[in-house]
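**Q** After the structure tokens below, expect a handful of questions from me.
The values are calculated or read from the model by the stated rules, or taken from the named source; none is laboratory data. Note that the structure is predicted; figures quoted are calculated from it, not measured. Note that we place each Cβ from the backbone using ideal geometry, even for glycine, and neighbour counts take in every protein chain shown.
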Amino acid sequence: MSYLRTAVLLAALTALFMGIGFLLGGQTGMIIALVMAGGMNLFAYWNSDTAVLRMYGAHLVDPNGGRDARVLYDMVAGLARNANLPMPKVYVMDNPQPNAFATGRNPENAAVAVTTGLMQTVSREELAAVIAHELAHIRNHDTLLMTITATIAGAISMLVNFAMFFGGNRDNNHMGFMGTLALMILGPIAAGLVQMAISRTREYEADKGGAEICGQPLWLASALQKIAGGAARIPNEEAEENPASAHLFIVNPLHGLRLDRMFATHPPMEERVARLEAMAQSMGSGSVSAGGYDGGARSAATGSGPWSGSVPESPRRARGPWG
């Protein structure tokens, strides 16, 4: 059912894009919109992973670069085996905000990236659950789906900008000035709402899939609460400069004071935690941990992670052992 809903929403977003192109530019505008969408999606398909990793200054983890690097690499490898996925590339971002995302056009060309802030905030169990969530996105091909969604939504905004500068299709546009103005305002809003609905659906599915991969829904519930608390207090400067990429992260990285919260692409944290808790109850207390990963010596209820100290107050931090 979730895949059907996603397909319907994606079709609605595409239809909205085509409709705006037709109303603002007639048949020619619709064709141009289609060509633009196809070209942008093709570019995004092949280059989205490297582009977003470069945007956030992520650097590839060397498994021989130290104890923490080896533990992180082995953890991803074990969880990837659990998920029946190829080993993705592992990246670390020097960012104090606890967060993570996955990217890549398919499971064979995927990458998982975590922030140094995440590794300093959560326990090993919670980190495993976060990685499992990102692997679920890869398994569900959500990384490609959300890239396409963001591309179409961005193209709608581009069409509106073109219409503002070049006046739209004056010959065939029967909506009048006020109708065109309303379309320019409401079009991007509608696109944002559809994008939000698609992202919400996929986040719920990734939560469920991640809990199944690591075997412990409560690990992920605990991690989400810690990440949400850290994201509310610690800004992510790169995400603030590139808000269109916010949907990639496990928790919305944008600061709570921003108006972007009105169109947040992440479900309510309370609902995500409640679903995971209900899932844990249905699984019972006999659920198993991730294959090849014993959970370490720390409990998921502990306050700070096993990698170093607590969450830093300063938004600047030196590069870790992966540099």
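**Q** Out of the residues in the stretch 41-64 that are in contact with a Gly (Cβ under 9 Å, 6 or more places away or on another chain) and buried (at least 18 other Cβ atoms within 10 Å of the Cβ), which is nearest to Ala244 (Cα to Cα)?
**A** Restricting to residues being in contact with a Gly (Cβ under 9 Å, 6 or more places away or on another chain) and buried (at least 18 other Cβ atoms within 10 Å of the Cβ), the top hit is Ser48.
**Q** Looking at Leu135, is it modelled with pLDDT of 95 or more, more than 27 Å from Asn242 (Cα to Cα), touching a strand residue (DSSP E or B) at 6+ places or on another chain (Cβ under 9 Å) and aliphatic (A, V, I, L, M)?
**A** Answer is no for this residue.
**Q** Of all the residues that make up the stretch 35-71, how many are outside any loop (DSSP other than H, G, I, E, B) and either among the basic types (Lys, Arg) or at positive phi (or both)?
**A** Residues that pass the stated criteria total 3.
**Q** Leu79 - would you say it is modelled with pLDDT of 95 or more, under 17 Å from Ile250 (Cβ atoms) and not in a loop (DSSP other than H, G, I, E, B)?
**A** So Leu79 fits the description; yes.
**Q** In the list Val114, Val52, which residue meets the criterion of being hydrophobic (A, V, I, L, M, F, W, C) and at pLDDT below 95?
**A** Unique residue meeting the criteria: Val52.
**Q** Consider Arg124 carefully, then state whether it is over 24 Å from Phe43 (Cα atoms), among the basic types (Lys, Arg), crowded, with 24+ Cβ neighbours inside 10 Å and touching a residue at least 12 places away in the same chain (Cβ under 8 Å).
**A** Considered against the rule, which asks whether it is over 24 Å from Phe43 (Cα atoms), among the basic types (Lys, Arg), crowded, with 24+ Cβ neighbours inside 10 Å and touching a residue at least 12 places away in the same chain (Cβ under 8 Å), Arg124 comes out as yes.
Here's the yes/no breakdown for (1) of a type in the set (Lys, Arg); (2) surrounded by 23 or more Cβ atoms within 10 Å (Cβ to Cβ); (3) closer than 13 Å to Thr121 by Cβ:
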| residue | (1), (2), (3) |
| --- | --- |
| Ile213 | no, yes, no |
| Pro217 | no, yes, no |
| Ser222 | no, no, yes |
| Ala231 | no, yes, yes |
| Glu237 | no, no, no |
| Ser245 | no, no, no |
| Phe249 | no, yes, no |
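**Q** I've got another one for you. Would the stretch 282-293 turn up any residue that is modelled with pLDDT of 70 or more and closer than 20 Å to Met196 by Cα?
**A** No; the residues of the stretch 282-293 include none that is modelled with pLDDT of 70 or more and closer than 20 Å to Met196 by Cα.
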